[in-house]
Amino acid sequence: MSLLLILLVSLLSCAAQLCQKQAAYLGMRHGKKKLIMWIGLSIMLLGVAMLLWLLVLRVVPVSVAYPMLSLNFVLVAIAARLIWRETYSLQQWFGTLAIVAGVALMGSHL
């Protein structure tokens, strides 16, 4: 259950980061309404993620739980590639794989 909560926190944090990217991208082109909408959605997602994070910290040592949030780097990178067609070098992909390996090692502890 703890691992699922950590994954959910990561997904919510990732979604919030993507909303911030949309705010930066669309807000400049489509005015303040779009900017406020994307920022508001990001704040809401981060708020829910924080509340769930507090539940995680009740049952998982922070020394285990916090490094697992590195999964955010992976999720945001994959989403940016899919949504905005951002490019990644081979070095970046190897770094991403190293993060996944580290999270897998940490997750085996739960």
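The values are calculated or read from the model by the stated rules, or taken from the named source; none is laboratory data. What you are looking at is a predicted structure, and each value in this text was computed from that prediction instead of being measured. No Cβ is skipped: glycine too gets one built from the backbone with ideal geometry, and neighbour counts run over all protein chains shown. The protein model used for the area step is the full one, side chains on, heavy atoms only, and it has no ligands, DNA or RNA in it. Shrake-Rupley method; radii C 1.70, N 1.55, O 1.52, S 1.80 Å.
In Å², and per residue, what accessible area does the chain have when probed at 1.4 Å with the other protein chains present?
Per residue, the chain has 66 Å² of solvent-accessible surface.
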Full-extension gain in nm, residue 51 to residue 11, via 0.36 nm per residue minus C-alpha separation: 13.0 nm
How much length is gained on full extension from residue 78 to residue 108, taking 0.36 nm per residue of separation minus their Cα-Cα distance? 8.5 nm
Taking the highest mean first, how do the peptides 44-55, 8-19, 84-95 order by number of other beta carbon atoms within 10 angstrom per residue? 8-19, 44-55, 84-95
Give the residues of the stretch 59-90 whose amide nitrogen is closer than 15 Å to a point set 7 Å from the Cα of residue 30 in the direction of its Cβ. 84
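Accessible area, 1.4 Å probe, largest first: how do 29, 81, 58 sort?
Numbers: 29 160, 81 100, 58 195 Å².
Highest to lowest solvent-accessible surface, that is 58, 29, 81.
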Label the stretch 1-108 by shape, choosing from rounded, prolate and oblate, from the square roots a ≥ b ≥ c of the eigenvalues of the Cα gyration tensor; if a/c is under 1.5 it is rounded, and otherwise prolate applies when a/b is larger than b/c, oblate when it is not. oblate
Using a 7 Å offset from the Cα along the Cα-to-Cβ direction at both residue 37 and residue 86, what is the distance between the two label points in nm, to one decimal? 2.3 nm
The percentage of the accessible area of the chain (probe 1.4 Å, all protein chains present) made up of carbon and sulfur atoms, to the nearest whole number, is 73 percent
Nearest-ten-degree value, helix 32-59 long axis tilted from longest Cα axis of the chain: 10 degrees
